[in-house]
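What follows is a set of notes on a single structure, which appears directly below.
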Amino acid sequence: MSKVSFLSSATIGVYCVLGIIFWLVFQPEGLGDEGLMSLYLDEGKQMGFYSFFSSANFSVPHGLLAYPLSLILPNFIALRLISLIGSIFIWVYLSRKSLMRNSFAGPHLAFYIASGSFLIGTNDTLLFCFLVVFLFESYLVMEGYQKELPAYAYFSLVSAFFTREFSIIYFPLVATALLLIFRDKYQFYSGMKILIGSSIFWFVLNLPPLIHQGKIGYDNKNIENKQMNCTWTQRQYLSQLKANAHEIPEFSHVTWEETRAYLDQNGENSLPRSFSESIFFDVKLTLKEFVKDFLFLIKAGFRNIGLPIFFPILVFVINFKKPSLGNYFVGIGQLAMMCIFSLIIISYIEIRWLAPIFLIGIVAFNLGIKRLKNKNWNLINQVSLGLLSLYGIMTYWKMIHTSPVWLTFFG
């Protein structure tokens with residue numbers, strides 16, 4: 001191991017430790033989605049196990065993990081512990097392969113996972129686990145490292161769609177992967193059997209919410225908007241209008257009450273009700289926000305994953321000597337997902353939404369530069385991650401030092 005590699009790895013290690021400490025200990029409890037899920041867990045402990053799932057307020061895969069843990073731990077600790085275990089699983093799973101040896105993939109993955117994308121107490125990390133397993137195994141098949149997708153990859157794919165409704169946005173990417181893999185008739189027939197069997201399995205476990213609520217159980221984040229008779233898209237759209245008019249800060253939202261008041265004053269059709277409607281509601285605004293959001297993704301993406309944010313371009317350098325289907329799939333897939341999120345999200349984009357394809361991009365990037373045997377690429381990657389980690393260390397220390405928990409005990 002070179003001195004640069006050692007120093008970069010050590011810096012990433014400190015960054016990871018501080019990240020885990022902040023998100024598990026110093027992040028105030030009950031903020032955002034974590035607070036809502038904690039509320040549902042409290043209701044579930046009063047109603048009982050069956051009623052908890054039949055209410056359709058919690059996805060079954062996430063609830064099967066969170067509910068038992070919440071009986072022995074505070075809710076927010078249980079939720080964050082699931083995210084921590086999921087984060088460790090992702091790192092171990094992606095780093096364990098022998099093909100990762102002599103690459104910087106392990107420290108690089110740890111650097112990204114130490115960000116806030118993975119350690120908050122929501123169902124996002126569980127969704128990432130499922131999608132990463134499927135996408136990584138698909139990548140290995142496309143690259144020729146293995147002949148077929150294992151059964152657990154198909155099961156993980158189906159599980160992702162039962163974990164969070166948001167996963168549907170990844171449908172074009174996973175559908176493309178399946179089409180490429182299903183060119184082999186044997187894989188098509190064997191894969192379809194597992195996909196159908198996995199779907200039946202999760203449908204059976206979703207019988208309580210299906211019977212009592214007529215729908216599959218997902219983490220319900222829509223209580224207030226139902227009371228106000230407005231949609232999340234309308235709230236996001238109005239938030240962006242207000243931010244553009246400098247009436248609220250960027251990366252913030254108006255309240256549900258403000259959204260309702262705007263609709264009452266300007267009419268029910270003054271804001272789009274769905275993502276598809278928002279794209280064509282004001283085409284000029286859509287194009288403007290697309291460019292702004294795409295540039296934001298590049299900037300924020302570099303801060304989170306470093307050079308792999310440019311993988312859609314670098315793939316042509318990496319594939320120059322030996323073109324590979326897997327790298328093209330990851331590169332084009334990453335670009336496509338960045339474009340999709342930039343297009344459909346009129347308000348600000350949360351960088352964690354791209355975690356599944358970013359993680360596979362990190363793997364593909366490190367394997368690609370390993371195959372190039374060009375020490376310059378490796379050096380640039382390690383130095384950039386080391387510098388980004390130093391910045392992250394300072395940021396985490398400031399967040400810890402100014403957190404309510406720190407001030408309570410040490411202030």
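The values are calculated or read from the model by the stated rules, or taken from the named source; none is laboratory data. These figures come from a predicted structure and were not determined experimentally. Because the Cβ atoms are built from the backbone with ideal geometry, glycine has one as well, and the counts that use them run over all protein chains shown.
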Practice prompt. Looking only at the range 82-95, count how many residues are touching a residue at least 40 places away in the same chain (Cβ under 8 Å) and either farther than 16 Å from Phe136 by Cα or touching a strand residue (DSSP E or B) at 6+ places or on another chain (Cβ under 7 Å) (or both).
Written response: 3
Discussion item. Going residue by residue through the range 29-48, is there one that turns out to be under 23 Å from the mean Cα position of the chain (by Cα), under 27 Å from Ala110 (Cα atoms), not in a helix (DSSP H, G or I) and not small (Gly, Ala, Ser)?
Written reply: yes
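When the range 46-81 is examined, which residues are found to be among the aliphatic types (A, V, I, L, M), more than 20 Å from Ile216 (Cα to Cα) and surrounded by fewer than 21 Cβ atoms within 10 Å (Cβ to Cβ)?
Leu69, Leu71, Ile72, Leu73, Ile77, Leu81
Here's the yes/no breakdown for (1) farther than 18 Å from Tyr396 by Cβ; (2) hydrophobic (A, V, I, L, M, F, W, C):
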| residue | (1), (2) |
| --- | --- |
| Ser2 | yes, no |
| Ser9 | no, no |
| Val17 | no, yes |
| Ile72 | yes, yes |
| Ala78 | yes, yes |
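Grab the helices (runs of 4 or more DSSP H) fully contained in the range 135-249, keeping just those with 3 or more residues being aromatic (Phe, Trp, Tyr).
Of the helices (runs of 4 or more DSSP H) lying wholly inside the range 135-249, those with at least 3 residues that are aromatic (Phe, Trp, Tyr) span 151-163, 185-205.
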Worksheet item: Restricting the first residue to the range 302-329 and requiring it to be of a type in the set (A, V, I, L, M, F, W, C), which pairs with a second residue that is modelled with pLDDT under 80 meet a Cβ separation below 7 Å and a spacing of at least six or different chains?
Response: Ile318/Leu372
Discussion item. Just to be sure before I move on: is Met47 under 29 Å from Phe203 (Cβ atoms), aliphatic (A, V, I, L, M) and out of contact with any Gly (no Cβ under 6 Å at 6 or more places or on another chain) in the structure I sent?
Written reply: yes
Worksheet item: Taking the stated definitions as given, is Leu325 out of contact with any Pro (no Cβ under 7 Å at 6 or more places or on another chain), loosely packed, with under 15 Cβ neighbours inside 10 Å, within 15 Å of Gln240 (Cβ to Cβ) and of a type in the set (A, V, I, L, M)?
Response: no
Practice prompt. Kindly indicate the residue of the range 174-208 that is of a type outside the set (S, T, N, Q), touching a Phe, Trp or Tyr at 6+ places or on another chain (Cβ under 6 Å) and closer than 26 Å to Asp124 by Cβ and also surrounded by the fewest Cβ atoms within 10 Å (Cβ to Cβ) among those meeting that condition.
Written response: Leu195
Worksheet item: With (1) in a helix (DSSP H, G or I); (2) modelled with pLDDT under 85 as the list, and His253 as the residue in question, which single condition is left unmet?
Response: (1)
Item to complete: Scan the range 81-99 for residues that are at pLDDT below 90 and either over 15 Å from Leu359 (Cβ atoms) or polar (S, T, N, Q) (or both) and jot them down.
Response: Ser95, Ser98, Leu99
Worksheet, complete the sentence: Residue count, the range 144-177, condition touching a residue at least 40 places away in the same chain (Cβ under 8 Å) and under 14 Å from Gly333 (Cβ atoms), comes to 7
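Within the group Ile349, Ile309, which residue is part of a helix (DSSP H, G or I), of a type in the set (A, V, I, L, M) and either farther than 20 Å from Leu179 by Cβ or at pLDDT 95 or above (or both)?
Values: Ile349 fails: part of a helix (DSSP H, G or I).
On inspection, the qualifying residue turns out to be Ile309.
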Response to the item:
Expected output for the range 9-26 (first residue within 23 Å of Ser103 (Cα to Cα), partner at pLDDT 90 or above and basic (Lys, Arg), Cβ below 9 Å, 6+ apart or cross-chain) is none
Practice prompt. Take the residues in the range 370-409 that are within 20 Å of Ile12 (Cα to Cα) and β-branched (Val, Ile, Thr), then tell me which one is modelled with the lowest pLDDT.
Written response: Ile400
